[in-house]
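First the structure, in the form of structure tokens, and then the observations on it.
Since every read-out is calculated from the coordinates, none of them should be taken as a lab result. Here the structure is a predicted model, which is why all the values come from computation and not from measurement. When we count neighbours, we look across all protein chains shown, and the Cβ atoms used for this are built from the backbone with ideal geometry, even at glycine.
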Amino acid sequence: MNGVHDMGGMQDMGPIQEEKNEPVFHHPWEGLVFAMYRATGAWRKWNLDAARYAREMIPPAEYLSMSYYEKWYAGLVDLLTARGLVTRAEIESGIPAKGSSKATPPLTVSQLLESVAKGTPAKRSVSVAPRFQSGQRVRARNINPVGHTRLPRYARGKLGTIDRDYGAFVFPDSNAHFLGENPQHVYAVRFAARELWGDQAKLQDTVYLSMWDNYLEPA
Amino acid sequence: MKSTRRDFLTTAATAAGAAAASNLAGAENHEHGHEHSHQVVPSDMALRVKSLESLLVEKGLVERAALDALIDTYEHKVGPRNGARVVARAWFDPAYKELLLTDADKAIAELGYGGTQGEHMVVVENTPAVHNMVVCTLCSCYPWPVLGLPPVWYKSAPYRSRSVIDPRGVLREFGLELPEDVEVRVWDSTAEVRYLVLPQRPAGTETLNEDALAALVTRDSMIGVTKVPDVPQGGTA
């Protein structure tokens, strides 16, 4: 979706504001939102791509005015209700619906911490052939899907060079919509800054993007 | 359905504004240095989140102990000191550096780090000729196991938008002016690969041991928005 989350290359967003000795969470509720998102993820009712898409669906004006963890909260509520773990009425009342049975979390506390320590790899050992080789010239496709994509607008239609092949990964454009993992090769693709931004960029500067096979065509 | 959600989000955003205002009021009170205890009114977001927490616990969807353990992990156990140890080892041990640049997952796991949002690591090396910096223009991708959760500026619109179009301007805001002939290489984290910058080892550190080297390494230098400053001759780290 050509949403406001796709920010690369926008201007006039203001100065970068560094905070000295920044805490990990600025309020206890931020830590809770973070933890609830991770803990409810153990139910496997959604995946990382779907969670990103939920945050991208926040209307643009609100997206820009909300803090980071407000967005996470909005995204979490969206996932919990859309995937049937809680109802909107329960969110509003804060109380389980009458007659609903009490569940048991799928992972114990230590299993949950183990899963965090182990991670959730998106790489897949499947024998899908890469369509491109290191050093090959490629063009990023000009696509404008209304669903989730990880191909930023600023790279679409631009010429680049395959730097390296990272192996086959879950494809977010389908996975975010529960339409399958569709694993395919991801490459580091090198773009000259001038190809992306014109003469105002320095001749030798470069931008590297990670791109799935489906985002690329031979040039 | 759509309008319901929009209303809900609008309410959340309005609540956020109110929360910010009440925080400012709170900060003002503290500046007066009053010793008396004053009632702190919880913000609307705090109430909403508490309400969601009790709902999820009541429904048996999460355990409170799990939430506490997760918060504790990211507040106290995972953070940029992990990344600093990786960098210091690479500066100290050429064989480790070689492994780090060719198989970062293996090298980082050797020091006991890894996991969520660091499953597929790539380390990029800064040299006198190439300066690497990392961004996620689409969201907030960041190598959690080695750097912890990202700072607010990394997730903010100014950094996400300008890093790719004006990296030198962004670096200048961090106080780093690079020579004209250096190549600036921006890594936009658009997939599940996470990047860690291996900063240049500063001058004046030849005699330092690994612990002393690690103490010099900053979070920002591993994102690639600053350098690790040189250590003055005769100075101590």
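A few notes on this one:
- Taking 4.7 Å between C-beta atoms as the pairing limit, the protein assembly as shown has these partnerless cysteines: B:CYS139.
- Gaussian network model of chain A, springs between alpha carbon atoms under 10 Å - residue of A:ILE16, A:ILE91, A:ILE58 with greatest fluctuation: A:ILE16
- 0 to 90° range, to nearest 10: angle between helix A:109-118 axis and chain A longest Cα axis: 0
- Magnitude of the charge dipole for region A:24-89, about its Cα centre and with charges confined to Cβ atoms of Lys, Arg (+1) and Asp, Glu (-1), is about 300 debye.
- Loop trypsin sites (Lys or Arg not before Pro), region A:1-100 (other Cβ atoms within 10 Å of the site Cβ: 14 or fewer; DSSP): A:LYS20, A:ARG44, A:LYS98
- Residue-count net charge about B:SER140 - beta-carbon cut-off 13 Å; Lys, Arg +1, Asp, Glu -1: +4
- Simple point charges give the picture: +1 on the Cβ of Lys and Arg, -1 on the Cβ of Asp and Glu, and for the protein assembly as shown a dipole about the Cα centre of about 1480 debye.
- Per residue of B:177-188, other chain Cβ atoms within 10 Å of the residue Cβ number 5 on average.
- Computed magnitude of the charge dipole of chain A (debye, nearest 20; Cβ of K, R +1, Cβ of D, E -1): 680
- Listed residue pairs exceeding 28 Å between alpha carbons, taken from A:LYS158/B:LYS106; A:LYS45/B:LYS106; A:LYS158/B:LYS155; B:LYS59/B:LYS155: A:LYS158/B:LYS106; A:LYS45/B:LYS106; B:LYS59/B:LYS155
- Based on Cα contacts under 8 Å between residues 6+ apart, region A:28-118 shows a relative contact order of 32 percent.
- Computed label-point distance, nm, for sites A:HIS177 and B:GLU206 using a 7 Å Cα→Cβ extension: 6.1
- Inter-chain neighbour count for A:190-203: the average number of beta-carbon atoms from partner chains within 10 Å of each residue's beta-carbon is 3.
- Peptide A:64-70 is shielded by partner chain Cβ atoms: per residue, an average of 6 of them sit within 10 Å of its Cβ.
- Across chain A, Cα pairs under 8 Å and at least six residues apart give a relative contact order of 19 percent.
- Summarised as an ellipsoid, chain A has semi-axes of 36, 23, 17 Å, derived from the eigenvalues of the Cα gyration tensor scaled by 5 and square-rooted, with the largest first.
- Between the listed residues A:HIS27, A:SER127, A:LEU113, the Cα displaced farthest toward the positive end of the dipole of chain A, a dipole computed from Cβ unit charges relative to the Cα centre, is found at A:SER127.
- With both residues required to sit in the protein assembly as shown, DSSP beta bridges show an antiparallel share near 60%.
- Comparing A:ASP163, A:ASP173, A:ASP199 in a Gaussian network model of chain A where C-alpha atoms under 10 Å apart are linked, the largest mean-square fluctuation is found at A:ASP199.
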